Amino acid sequence: MPLQIVRNNIVNMQADAIVNAANPYPVIGSGVDSCIYKAAGADKLLAARKQIGPIALGQAAITPAYGLKAKYIIHAVTPRWSWQWSIIAKAWPCLSWERAIIAIQRDYP
C-alpha cells in the first residue's frame, strides 16, 4: 500500500486506527489529546484508558474509538518535547527504543 499524506483533522479521519501521542497516565490532556477525547466521547474513552492504567514511555495501548470514524485509537506514550527528543534522535540510528530510554534514565535521573 503506498504512503498517502492527508491534511485533515485527525478526529474526522475514517481509518482502521488513529495514533494519539498520549499522556502516560489515564487523564485527558490538552491539544490534540483533548480534541480526540471530546470527539470520541470523553467519558467512555477515559473509562477505557483507566482500565488500561499507566502506559510506559515508548509503549502503546489500544482502545475502541467510540464516537470517531476510526475503529481504534492507539495511545502511544512519547517523550515530551524537550531534551528527551534530542537524546532519542541522536540515539535512534543505533539504539532500540528500550536502549534509548535506559540511556536517558541513566544519564538524566
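The values are calculated or read from the model by the stated rules, or taken from the named source; none is laboratory data. No experiment lies behind these values; they were computed from the predicted model shown. Counting neighbours? That spans all protein chains shown, and the Cβs are built from the backbone with ideal geometry, glycine included. Just the protein is used for accessible areas: all its heavy atoms, side chains included, with ligands, DNA and RNA removed. Shrake-Rupley method; radii C 1.70, N 1.55, O 1.52, S 1.80 Å.
Worth a mention:
- Filter result (outside any loop (DSSP other than H, G, I, E, B) and among the polar types (S, T, N, Q)) within the range 5-46: ASN12, ASN20, SER34
- All of (1) more than 13 Å from ILE74 (Cα to Cα); (2) of a type outside the set (A, V, I, L, M); (3) out of contact with any Lys or Arg (no Cβ under 6 Å at 6 or more places or on another chain) hold for TYR37 with one exception: (1).
- Filter result for ILE36 (closer than 15 Å to PRO64 by Cα, within 14 Å of the chain's Cα centre (by Cα), open to solvent by less than 50 Å² (accessible area, probe 1.4 Å) and modelled with pLDDT of 90 or more): yes
- The range 47-81, residues that are part of a loop (DSSP other than H, G, I, E, B) and open to solvent by 50 Å² or more (accessible area, probe 1.4 Å): PRO54, ALA56, LEU57, GLN59, TYR66, GLY67, LYS69, LYS71, THR78, ARG80, TRP81
- Within the range 1-29, the set of residues being more than 13 Å from the chain's Cα centre (by Cα) and open to solvent by 70 Å² or more (accessible area, probe 1.4 Å) comprises MET1, PRO2, LEU3, GLN4, ILE5, VAL6, ARG7, ASN8, ASN9, ASN12, GLN14, ASP16.
- Any chance LYS90 is modelled with pLDDT of 90 or more and open to solvent by 70 Å² or more (accessible area, probe 1.4 Å): no
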